[in-house]
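Before any comments, here is the structure.
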Amino acid sequence: MTIAENTENLSEKVRDFISSPRKILINGQWSDAASGKTFDTIDPATGEVIVKVAEGDSVDIDRAVKAARAAFDDGPWSGMNPTTRERYMHRLADLMEENADTLAELEALDNGKNVAVARAVDIQIAIDFIRYMAGWPTKITGDILPMSVPYAPDAKFMGYTLKEPVGVVGQIIPWNFPALMCSWKLGPALAAGCTVVLKPAEETPLTALYIGELICQAGFPEGVVNIVPGYGHTAGAALTVHEQVDKISFTGSTEVGKLIVKAAADTMKNVTMELGGKSPAIILPDADLEIAIPGAASAIFFNQGQVCCAGSRLFVPDSLYDQVIEGLAEVANSMKIGSGLNPENMVNPLVSQVQFDRVMGYIKSGCAEGADLIAGGNRRGDKGYFIEPTILGNTNREMKVVREEIFGPVVCVQRYHDIDEVASLANDTIYGLGASIWTRDVGNIINIVPKIRAGSVWVNCHNILDVVMPFGGYKQSGFGKDMGKEALAAYLETKSVCIMA
Ligand code: NAP
Ligand code: MG
């Protein structure tokens, strides 16, 4: 298939958007990179170029940060009355809703994912989350504190706290849920009154840039949101060391997260890190397999396994092993593989050649280390980055495929013998992002959930995300939360005020 064939049914709006090189958004203006450079964004279903995008680097980041700084220090945003700030955010959510089909198509084209899923999941949650956060500005309050100063017993004091925006925020996001990550980052920052410089992933800049257009249409004050596409080691790195940036919020790999924490330490930035995972899905001996088998399949194969909390390690008791493996293989072998622009295809390409090579390398490594190849394992077609849903059976903790995040449609199935050991097996990883347990016994839920060292634990489901539920990692999966009211807290400073009467 060629890109012309893959894109023949695209809407007029998407065609128009990709008909000319996309630019950088700084201070409400779209411009080329200062260097004049561009990079290609690729259609993963064909490997061909969709459109060229301005390649921002440290010079553009500097301009963007200065615009965000001026907007924060001197502009109307941070001090705006909360109802007005809410109205801007609702206007943005309304525009995203009006353009939801366009955003979904653009996401499917740039990332490769299923367009119907993108509409129902990525884009809908992105919209819902801006709305959820739009409700907060009027509800950000401090406390009144009863004071009793021991060394001034005769004086009267009034103490209270003010919640204030942290300032200029640099936001760096990955390519697996580009529009959703953009919303997760922008929502709480804007609700808190911060100004933003956002760098989308080089693989998938298009929906963030489209949302940038909508932000301009919604009439946000200049410089409140600046969007600089470019590479991580240039544009991203410049953001993490910029003296005028107060906070970095990052979603991406643990490896890059560590670099960013170190880089941000020099200027002591406030940092939030949403990092990688190797999340366990644990089938307990009493599980309802009618739910657990399709559930475990979807836990790993959703979004081609390119999900930070994907159920990539599946724990199955000896007694159910053969039945689960057989059921899982049936699901994997029946999934339709093809371009995400056709909504019937439930297995879509991986995002890039790099990711394709990485995942194929892991499959080879798993087989070489002695795993059973139960299903999949191959490339599909000779164009684009398609990999069959893959099941590796009889894996163990020594294997690289079990220890490292693969970030592809590859599940490592491990047997266990004793229900009392399963939580410690599940915790045997440097990561702690998500986990699921599959059981009908409430006693199992009460016993096992507290033992799991992970930021989200699902029972009889996996990968369920909701705007009200905080999402983030334990251990090397990071710190700080996206979504829920805790996401807002990460963008607020607390100021203590003391008045002596
Ligand atoms: P990545 O390679 O870490 O990249 C993430 C972002 O960081 C990209 O925008 C990247 O830019 C940028 N970057 C790279 N090097 C940088 C540097 N030295 N300084 C500043 N920025 C830099 O991750 P990815 O491959 O895009 O995404 C997959 C990873 O994200 C997985 O590990 C996944 O688990 C994790 N993830 C976590 C969550 C969560 O909420 N915990 C959610 C989604 C994904 P370029 O790509 O443009 O070079
Ligand atoms: Mg792309």
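The values are calculated or read from the model by the stated rules, or taken from the named source; none is laboratory data. Predicted, not measured: the structure shown is a model, and the values here were computed from it. Neighbour counts are summed over all protein chains in view; Cβ atoms, including those assigned to glycine, are modelled from backbone coordinates with ideal geometry. The area values use the complete protein model at the heavy-atom level, side chains included, leaving out ligands, DNA and RNA. Shrake-Rupley method; radii C 1.70, N 1.55, O 1.52, S 1.80 Å.
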Kindly indicate whether VAL121 is at negative phi and within 16 Å of ligand 2 (Cβ to nearest atom). no
Is there any pair with a first residue in the stretch 370-386 that is within 24 Å of THR46 (Cα to Cα) and a second that is assigned to a loop (DSSP other than H, G, I, E, B) and among the small types (Gly, Ala, Ser) whose Cβ atoms are under 6 Å apart and which are 6 or more apart or on different chains, and what are they? LYS383/GLY47; GLY384/ALA45; GLY384/GLY47
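Determine which member of the set PRO146, PRO165, PRO153, PRO174 is over 20 Å from the mean Cα position of the chain (by Cα) and buried (at least 23 other Cβ atoms within 10 Å of the Cβ).
Testing whether each residue is over 20 Å from the mean Cα position of the chain (by Cα) and buried (at least 23 other Cβ atoms within 10 Å of the Cβ) leaves just PRO165.
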Residue within the stretch 421-430 that is within 27 Å of the chain's Cα centre (by Cα) and under 23 Å from GLU330 (Cβ atoms) present: no
Among the residues of the stretch 202-225, what is the count of those that are under 22 Å from ILE18 (Cβ atoms) and of a type outside the set (A, V, I, L, M, F, W, C)? 9
Between residues in the stretch 188-204 that are modelled with pLDDT of 95 or more and residues that are of a type in the set (Lys, Arg) and within 12 Å of ligand 1 (Cβ to nearest atom), which pairs lie under 9 Å by C-beta distance while being six or more apart or on different chains? VAL196/LYS185; LEU198/LYS185
Residue match in the stretch 329-336 (condition: surrounded by fewer than 16 Cβ atoms within 10 Å (Cβ to Cβ), closer than 27 Å to GLU421 by Cβ, without any contact (Cβ under 8 Å) to a residue 60 or more places away in the chain and over 29 Å from the mean Cα position of the chain (by Cα)): no
Look through VAL256, VAL271 and report the one residue that is open to solvent by 40 Å² or more (accessible area, probe 1.4 Å), in contact with a helix residue (DSSP H, G or I) (Cβ under 7 Å, 6 or more places away or on another chain) and within 13 Å of ligand 1 (Cβ to nearest atom). VAL256
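Condition check ((1) under 26 Å from THR254 (Cα atoms); (2) within 16 Å of the chain's Cα centre (by Cα)) across all residues:
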{"residue": "ARG453", "(1), (2)": "yes, no"}
{"residue": "TRP458", "(1), (2)": "yes, no"}
{"residue": "LEU465", "(1), (2)": "yes, yes"}
{"residue": "PHE471", "(1), (2)": "yes, yes"}
{"residue": "ALA489", "(1), (2)": "yes, no"}
{"residue": "MET500", "(1), (2)": "no, no"}
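Would you mind listing the strands (runs of 3 or more DSSP E) fully within the stretch 131-210 where at least 2 residues are closer than 30 Å to LEU109 by Cα?
In the stretch 131-210, the matching strands (runs of 3 or more DSSP E) lie at 168-172, 195-199.
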Restricting attention to the stretch 64-96, which residues are surrounded by fewer than 21 Cβ atoms within 10 Å (Cβ to Cβ) and β-branched (Val, Ile, Thr)? THR83, THR84
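Just to be sure I understand, how many residues within the stretch 233-287 are hydrophobic (A, V, I, L, M, F, W, C) and assigned to a strand (DSSP E or B)?
7
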Contacts under 8 angstrom Cβ, first residue in the stretch 275-304 being over 21 Å from GLY432 (Cα atoms), partner assigned to a helix (DSSP H, G or I) and among the β-branched types (Val, Ile, Thr), 6 or more apart: PRO285/ILE419; LEU289/VAL324; ALA292/VAL324; ILE293/VAL324; ILE293/VAL331; PRO294/VAL331
Name the residue, out of TYR385, TYR362, TYR416, that is touching a Phe, Trp or Tyr at 6+ places or on another chain (Cβ under 7 Å), at pLDDT 95 or above and over 30 Å from ARG119 (Cα atoms). TYR416
Looking at this structure, is ALA332 within 16 Å of ligand 1 (Cβ to nearest atom) and assigned to a helix (DSSP H, G or I)? no
Test each condition in (1) surrounded by 15 or more Cβ atoms within 10 Å (Cβ to Cβ); (2) more than 17 Å from ASN303 (Cα to Cα) for ASN378 and report the one that comes out false. (1)
Does any residue in the stretch 468-492 that is without any contact (Cβ under 8 Å) to a residue 24 or more places away in the chain and under 20 Å from TYR431 (Cα atoms) come within less than 6 Å, Cβ to Cβ, of a residue that is assigned to a loop (DSSP other than H, G, I, E, B) and basic (Lys, Arg) six or more places away or on a different chain, and which pairs are these? PRO470/LYS481
